[in-house]
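These notes concern the structure reproduced below.
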Amino acid sequence: TFTNVLSSISGRYMNVKFINYGATSIGTANVFSYTETAYQGAYVAGIAAAYNSKTQKVGLVADPELLYTYATTNAAALGVRMVFANGTLCVAGATEDSEIKQAVDALLAEGCDVIITYTESPYAADYCEQKGVKFIGNLDYTGSEDKYKNMLMYYYAKRDSLFVSQFKQLKMDTWEPDVYKGSMSNGIINISQAQSCADKRTQ
């Protein structure tokens with residue numbers, strides 16, 4: 001939301017250091033621009049979902065308020081098409097838990113038998129589990145996988161190391177403006193192992 005205005009703001013406050021989350025370029029000498037490849041996880045999720053779909057119809061519940069929603073949607077669709085040439089990704093937007101419930105129900109009514117989540121709320125996974133629907137989560141479920149008997153796998157962004165690094169550099173006065181892209185290769189985007197309920201091809 002603020003990426004486009006930050007360059008003019010940061011130029012007026014050169015004594016303030018900015019970390020611009022969701023940006024792809026440096027604005028001024030006091031801006032660290034960060035972006036990430038959430039689509040990498042979504043692409044793998046699309047492939048895994050397709051391997052577990054009997055209807056060749058996969059659903060995606062996507063929060064339109066999150067960053068990278070379009071890229072994530074496109075990547076998941078490409079993943080489904082890697083397995084089924086005529087496979088379909090049906091998408092429903094949802095932010096609040098009540099909207100997520102309606103979105104999952106709508107996708108199931110369309111014939112989707114696997115749901116991929118891309119929401120900030122864990123309710124999407126919880127509701128799929130409650131309904132007995134196979135799903136792929138987009139949050140970090142490390143250590144709590146046993147709670148979800150219908151989870152095929154999960155993908156997530158882990159930015160802790162990046163922000164700790166930024167904090168340390170600020171504290172030691174070694175901070176410099178830069179452009180950083182979080183991806184699978186540097187451990188920001190993570191993909192879990194296939195879970196026990198998943199088709200054997202998923203891993």
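I'd like to compare 47-54, 89-96: which one has the highest average count of other Cβ atoms within 10 Å, and what's the full order after that?
In decreasing order of mean packing, 47-54, 89-96 become 47-54, 89-96.
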* For the chain, which whole-number percentage of the solvent-accessible area (1.4 Å probe, protein heavy atoms only) is attributable to carbon and sulfur atoms? -> 51
* Asked: Taking every eigenvalue of the Cα gyration tensor of the range 80-203, multiplying by 5 and rooting it, what semi-axes result, largest first, whole Å?
  -> 32, 17, 15
* Asked: If one takes the longest principal axis of the Cα atoms in the chain, at what angle in degrees, from 0 to 90 and to the nearest 10, does the Cα axis of helix 160-171 lie?
  -> 10
* Along the positive direction of the dipole of the range 64-203 (beta-carbon charges: Lys, Arg +1; Asp, Glu -1; about the Cα centre), which of ALA71, ILE191, THR95 reaches farthest? -> ILE191
* Amide H to amide H under 5 Å from PHE18: which residues, 5+ apart in sequence or cross-chain, H placed 1.01 Å off N in plane? -> VAL31, PHE32
* Provide the per-residue ³J(HN,Hα) series for the range 6-22, in order, calculated from phi with Karplus coefficients 6.51, -1.76, 1.60 and θ = phi - 60°, each as a whole number of Hz, with x at glycine and proline positions. => 5, 4, 6, 5, 4, x, 8, 10, 5, 7, 10, 9, 10, 10, 9, 6, x
* To do: From the C-alpha gyration tensor of the range 1-105, pull out the three semi-axes of the equivalent ellipsoid (sqrt of 5λ each), sorted largest to smallest, in whole Å.
  => 36, 16, 8
* Any lysines with Cα under 25 Å of the LYS57 Cα? List them, leaving off those in the same chain fewer than 8 positions away. => LYS101, LYS131, LYS134, LYS149, LYS200
* Within straight-line cross-link reach of LYS17, lysines at Cα separation under 27 Å, skipping those fewer than 8 residues along the same chain -> LYS158, LYS168, LYS171, LYS181
* Collect residues whose amide H, placed 1.01 Å from N in the peptide plane, falls under 5 Å from the amide H of THR95; neighbours closer than 5 in sequence don't count. => ILE100
* To do: Note the angle between two axes, namely the Cα long axis of helix 69-83 and the longest principal axis of the Cα atoms of the chain, as a number of degrees from 0 to 90, rounded to the nearest 10.
  => 40
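Tell me the mean residue ellipticity at 222 nm calculated for the chain from its helices only (DSSP H runs of n ≥ 4, each -39500 (n - 2.57), averaged over every residue, nearest 500).
Result for the chain, helices only: -11000 deg cm²/dmol.
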* To do: Compute the long axis of helix 38-51 from its Cα atoms, compare it with the longest principal axis of the Cα atoms of the chain, and write down the angle in degrees, 0 to 90, nearest 10.
  => 10
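The values are calculated or read from the model by the stated rules, or taken from the named source; none is laboratory data. Please read these numbers as outputs of a predicted model, since none were measured by experiment. Every residue, glycine among them, receives a Cβ derived from its backbone with ideal geometry; neighbour counts consider all protein chains shown. Quick note on the areas: whole protein, heavy atoms, side chains included, nothing else; ligands and nucleic acids left out. Shrake-Rupley method; radii C 1.70, N 1.55, O 1.52, S 1.80 Å.
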